[in-house]
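The values are calculated or read from the model by the stated rules, or taken from the named source; none is laboratory data. Being a predicted model, the structure only gives us computed values, none of them experimental. Cβ placement follows ideal geometry from the backbone for every residue including glycine, while neighbour counts extend to all protein chains displayed. We work out accessible area using only protein heavy atoms, side chains counted, and drop any ligands, DNA or RNA first. Shrake-Rupley method; radii C 1.70, N 1.55, O 1.52, S 1.80 Å.
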Amino acid sequence: MAPLYQQHPIYVTNSLSGKKEELLPLKEGYLGMYVCGPTVYSNVHLGNCRTFLSFDMIFRYFRHLGYKVRYVRNITDAGHLENDADEGEDKIAKKAKLEQLEPMEVVQRYTVDFHQTLERLNFLPPSIEPTATGHIIEQIELIKEIIDAGYAYVQNGSVYFDVIKFNEDREYGKLSGRKLEDMIANTRELTAQSEKKAPQDFALWKKAEPQHIMRWPSPWGDGFPGWHLECTAMSTKYLGKQFDIHGGGMDLKFPHHECEIAQAEACNGETPVRYWLHANMLTLNGKKMSKSTGNNIYPNEIFNGSSPLLTRAYSPSVVRFFMLQAHYTSILDISESALQASEKGYLRLMDGLKRLETLDAGKNSDFDLKAWAANCYKAMGDDFNTPILIAHLFDGVKFVNQAQEGKMSLNASDLEEFKRLFKAFIFDVLGLLAPQQQSGNNKALDGAIQLLIDLRTQARGDRDFATSDRIRDELANLGVQLKDGKEGTTYSVE
RNA sequence: GGCAUCGUGGCCGAGUGGCUAGGCACAGCUCUGCAAAAGCUUGUACAGCGGUUCGAAUCCGCUCGAUGCCUCCA
């Protein structure tokens, strides 16, 4: 049988063209994807997670279709300058001083936090997770190439990218829709005298002041790499001079990704990325979450209910489901009422799945499984439209519920196929977990509740409603909901 | 100020020219010993103004409002 990816085309919104284009890999059956990872100088907040979640879902769908994917997501551990002025302080070094830690200790702490958080949200690990500090040599080599190509200049032990020179030969600003002339016209007066030739120029290598802790030797003296260089160095190393997909948060479009394009084009003469994908922001109170402004919410605060913005806890899968109910290119605002609505929807979906597992096959099929499956794939193929996919999944739930009431049925082979696809979309593609998978499967609890259900059924048979209602209500108080159906009683735990 | 995006019913959120996703909430009905769960049914939309079109939430213009980027940020 032909691989799934041959049957299900994917159209993606390419930020470079601003249009939806069919995704055609450089090499059939293979995909290279690079996503800008976090800067590990503080705990990862939920906004960060949304971007990585979007690409986790995309990665999962590629894999589901049978693509062999090399997914590279870096860890920025070399620190960035605090501002564009010459007297910058390394972000990580600053934090280290604050907490009396070695810079690499800071990096380690927050890298671990990052991994733990993503694991709770059921992320798949990327194929390669390279660090900036592990690729200093590659970055230095890249700078040499850019200098040799004539697009960079050395100044007092630092190296800068010559944007104006580059723009004479190529185009700077094509990703973000900016024109260099406009940028020059709009530049504010520089407060400090700069060693850069033009304000638009950006650092490839910065000279380290004596007090700067994070430093490496280079042909231009001791220093550290510029902000945009690591991604070019690592994406080139692991995916090649040209690769299929580059992703990241919308806020990185300019200048970060613009500079990546410039750096790569400066040494390779060809544009590095065929499809640029940008995930939109998660907002809180209508504003972007940000480490620096403090407008943010941390995943753990949601999972354990400690956030002052919430009245109780919400599970990682609910958070995941909430985010996947919006398209990844749309801004999404988080609120408790939105989380609550998502939680109910998520539980309904999971209930449907549980019922599907116990469904008996009928003689014939009243459900157009082929059309349903085609719609699911079409939704995902249309720029990974998970909200539409979820809508189709709810159509599936509706069918399952009707089937359980004996109103509809599926024949044996269709039922098996339906189960397989339904689970594939929920678990493999969306990456959700069943509620019991999150709290640890508990055989003792299940047995105990089953016993109570049996006792209640017996009491109801004896018309001893005082006893039966007591069992039902007391369990409800404990967060266990009993559901009477045609085929007997099931339960769900909050 | 420049560039870009967005403004959908009570709430969240899909939808790029005609056939009006989905979830949550609300109401009625069925089922039930009563409920819950489930099913069925119904309602309230496309910021405003103007234009293009036989026809616009969807295209164009203007106005108002919000957000992102222009300094690190997913």
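Considering only protein heavy atoms and a probe of 1.4 Å, how much of the accessible area of chain A is carbon and sulfur, as a whole percent?
49 percent
Which shape class applies to the range A:12-280: rounded if a/c is under 1.5, otherwise prolate when a/b exceeds b/c and oblate if not, where a ≥ b ≥ c are the square roots of the Cα gyration tensor eigenvalues? Oblate is the answer for the range A:12-280, as a/c is 1.5 or above yet b/c matches or exceeds a/b. Relative to the longest principal axis of the Cα atoms of chain A, the long axis of helix A:386-404 lies at roughly 10 degrees.
Put one equal scatterer on each alpha carbon of the range A:167-263, apply the Debye formula with no solvent term, and list log10 I(q)/I(0) at q = 0.11, 0.22, 0.23 1/Å to two decimals. Taken in order of the listed q values, log10 I(q)/I(0) reads -0.42, -1.29, -1.32.
Within the shell defined by Cβ-Cβ distances under 11 Å, the residues around A:Thr111 carry a net charge of -3, with Lys and Arg each +1 and Asp and Glu each -1.
Once the Cα atoms are used to define both axes, helix A:229-239 deviates from the longest principal axis of chain A by about 60 degrees. Taking label points 7 Å from Cα along the Cα-to-Cβ direction, A:Asn285 and A:Gln211 give a separation of 3.4 nm.
The label-point distance for A:Gln100 and A:Gln242, in a model that sets each label 7 Å from Cα toward Cβ, rounds to 5.5 nm.
Please give the per residue accessible area of the range A:442-493, computed with a probe of 1.4 Å over protein heavy atoms only, in Å². Mind showing how you got there, number by number?
Working: 3670 Å² over 52 residues.
About 71 Å² of surface per residue is accessible.
Please give the calculated 222 nm ellipticity per residue for chain A, where each DSSP H segment of at least 4 residues contributes -39500 (n - 2.57) and the sum is spread over every residue; nearest 500 deg cm²/dmol? It would help to have the intermediate numbers written out before the result.
Details: 18 runs with 217 residues, N = 494.
Only helices count here, giving -13500 deg cm²/dmol.
Just to confirm, what accessible area per residue do you get for the range A:283-437 at 1.4 Å probe, in whole Å²?
Values: 6880 Å² over 155 residues.
With the other protein chains kept in place, the range A:283-437 gives 44 Å² per residue.
The long axis of helix A:465-477 is offset from the longest Cα principal axis of chain A by roughly 10 degrees.
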